[in-house]
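Presented below is the structure to which this report refers.
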Amino acid sequence: MKFSMLMLLVVSVSLSGCSKPDSKATLTDYQQRLTRVLELDDIKVQLAPLATLPRPSELRQPLPDIRLELSEAWASRECGLDQLIGERNSSLGRVFQPSQQLHYELRLLAQLDNCLQQELTQALQQQLGEWRSQKQQSVTLALSNMLLTDDTLRKQWQGNNGGLVAGDSGGFVASSGALHNLVSLAEQISQQQWQQAAVVDIEQSLAMLYQHNFLNKLQSSLRYSAAWFSQVNPQLLAIAPESLCPNGRSTEQLKILTTVFSKFFIGEVQAHLAELSRYHNEIWPQLQQLYQHTALYPALQQRYQQPAEQLQQQLMLQVKWWQLLNQQCPAVLTPG
């Protein structure tokens, strides 16, 4: 389900200023203004606790240990496999990180395909065919190990106190592109397109995710915003809009509230939530493609899908309150 934000009015807003607030600061500023005008109780937003991620040791699956006999290894020099075999048996090869292991398996499969297109002895042809079949099974495990246990990826799911800055989409393009590369890689593996998969720069994609930390900040913004609305809304919705304009008359309180609506709710809060909506609608489908059938999927749902849906529901409730105020009082709620 896509996270589609209900916009009360179609507006085009440009946010200005020397420093731009993150999600928490944007909502806190709006909350303080509501609190002063409507005499609401102060609240301290409490985030729902996150489920603990399974440990990498619980998720990592051992790859089959496939070895060639010395005579077969010698014969493999006919098609250039000896260099890859030597790489795997080196001191560095024995401590491959999950992403490096996956890249190695893909390069090996690509080279095996090249080998099997050459003129080889029947015995070697049969041996390499059997080896390729075994490696095609193990590369799926290597992909799973990378997605579930890579340190860079796991740090994206931890969550922190920092959210996305309003109007700053710098990390979005790079992070979405990195995820797209990983999704394309998973599709190439499922389709056994070894030549294309072998040239994908996995390390560069991971480096982009690490550099921007965008996925971590996105989930923090979604979770904080959803929690904020769910804790502020009960106080706001308990106020009958007609009580703010006794006998249909405008009041100073109503005039101030109109400014809070146009300048801060529409101009800042909804503008930022529209950004979160766009980010989530792009990022979440890619995470689904990568993780839907893995042990981490429930944790990712808790961090992205569930707060996005909760935020949508809570935002709609507050929008309806503003609409009702506009109907019952001479507030003339329009964008500032």
Requested in this report: Residues being more than 30 Å from Leu179 (Cα to Cα) and assigned to a helix (DSSP H, G or I): count how many of those fall in the stretch 214-264.
Outcome: 28
Requested in this report: Working only within the stretch 246-289, note down all residues that are touching a Pro at 6+ places or on another chain (Cβ under 8 Å), farther than 20 Å from Asp22 by Cβ and at pLDDT 90 or above.
Outcome: Leu254, Ser262
Requested in this report: Just one of (1) modelled with pLDDT under 95; (2) crowded, with 20+ Cβ neighbours inside 10 Å; (3) out of contact with any strand residue (DSSP E or B) (no Cβ under 7 Å at 6 or more places or on another chain) trips up Leu164, so point out which.
Outcome: (3)
Query - The one condition in (1) touching a helix residue (DSSP H, G or I) at 6+ places or on another chain (Cβ under 6 Å); (2) at pLDDT 90 or above; (3) of a type outside the set (S, T, N, Q) that Leu63 fails to fulfil - result: (2)
Query raised in the report: For the stretch 192-247, how many residues meet the condition of being closer than 23 Å to Val173 by Cβ and acidic (Asp, Glu)?
Result: 2
**Report entry** Single residue of the stretch 144-161 satisfying the filter (in a helix (DSSP H, G or I) and of a type outside the set (A, V, I, L, M, F, W, C)) that is surrounded by the fewest Cβ atoms within 10 Å (Cβ to Cβ)
**Finding:** Asp151
Requested in this report: Being surrounded by fewer than 22 Cβ atoms within 10 Å (Cβ to Cβ) and of a type outside the set (A, V, I, L, M) is the filter; apply it to the stretch 225-238 and report the residue that is nearest to Arg132 (Cα to Cα).
Outcome: Ser230
**Report entry** Residue selected from the stretch 41-55 under the condition surrounded by fewer than 13 Cβ atoms within 10 Å (Cβ to Cβ) and not small (Gly, Ala, Ser), by the criterion farthest from the chain's Cα centre (by Cα)
**Finding:** Asp41
**Report entry** Evaluation of Gln196 against (1) of a type outside the set (Gly, Ala, Ser); (2) more than 26 Å from the chain's Cα centre (by Cα); (3) surrounded by fewer than 18 Cβ atoms within 10 Å (Cβ to Cβ) (one fails), failing number
**Finding:** (2)
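Can you confirm whether Thr294 is β-branched (Val, Ile, Thr) and within 30 Å of Leu141 (Cβ to Cβ)?
yes
Listed here are the residues, each with its yes/no results for (1) within 19 Å of Gln61 (Cα to Cα); (2) β-branched (Val, Ile, Thr); (3) within 28 Å of the chain's Cα centre (by Cα).
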{"position": "Leu106", "(1), (2), (3)": "yes, no, yes"}
{"position": "Asp113", "(1), (2), (3)": "no, no, no"}
{"position": "Val139", "(1), (2), (3)": "yes, yes, yes"}
{"position": "Gly170", "(1), (2), (3)": "no, no, yes"}
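Within the group Leu218, Leu102, Leu108, Leu209, which residue is within 30 Å of Phe264 (Cα to Cα) and either buried (at least 21 other Cβ atoms within 10 Å of the Cβ) or touching a strand residue (DSSP E or B) at 6+ places or on another chain (Cβ under 9 Å) (or both)?
Numbers: Leu102 fails: within 30 Å of Phe264 (Cα to Cα); Leu108 fails: within 30 Å of Phe264 (Cα to Cα); Leu209 fails: within 30 Å of Phe264 (Cα to Cα).
The unique qualifying residue is Leu218.
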Requested in this report: For the stretch 307-336, name all the residues that are surrounded by fewer than 18 Cβ atoms within 10 Å (Cβ to Cβ), under 19 Å from Val232 (Cβ atoms) and not charged (D, E, K, R).
Outcome: Gln313, Met316, Leu317, Val319, Trp321, Gln323, Leu324
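Could you say which residue among Gln288, Gln302 is without any contact (Cβ under 8 Å) to a residue 40 or more places away in the chain and out of contact with any helix residue (DSSP H, G or I) (no Cβ under 7 Å at 6 or more places or on another chain)?
Values: Gln302 fails: without any contact (Cβ under 8 Å) to a residue 40 or more places away in the chain.
The unique qualifying residue is Gln288.
The values are calculated or read from the model by the stated rules, or taken from the named source; none is laboratory data. Quick caveat: nothing in here was measured; it's all calculated off a predicted structure. Note: ideal-geometry Cβ built from the backbone for every residue, glycine included; neighbour counts use all protein chains shown.
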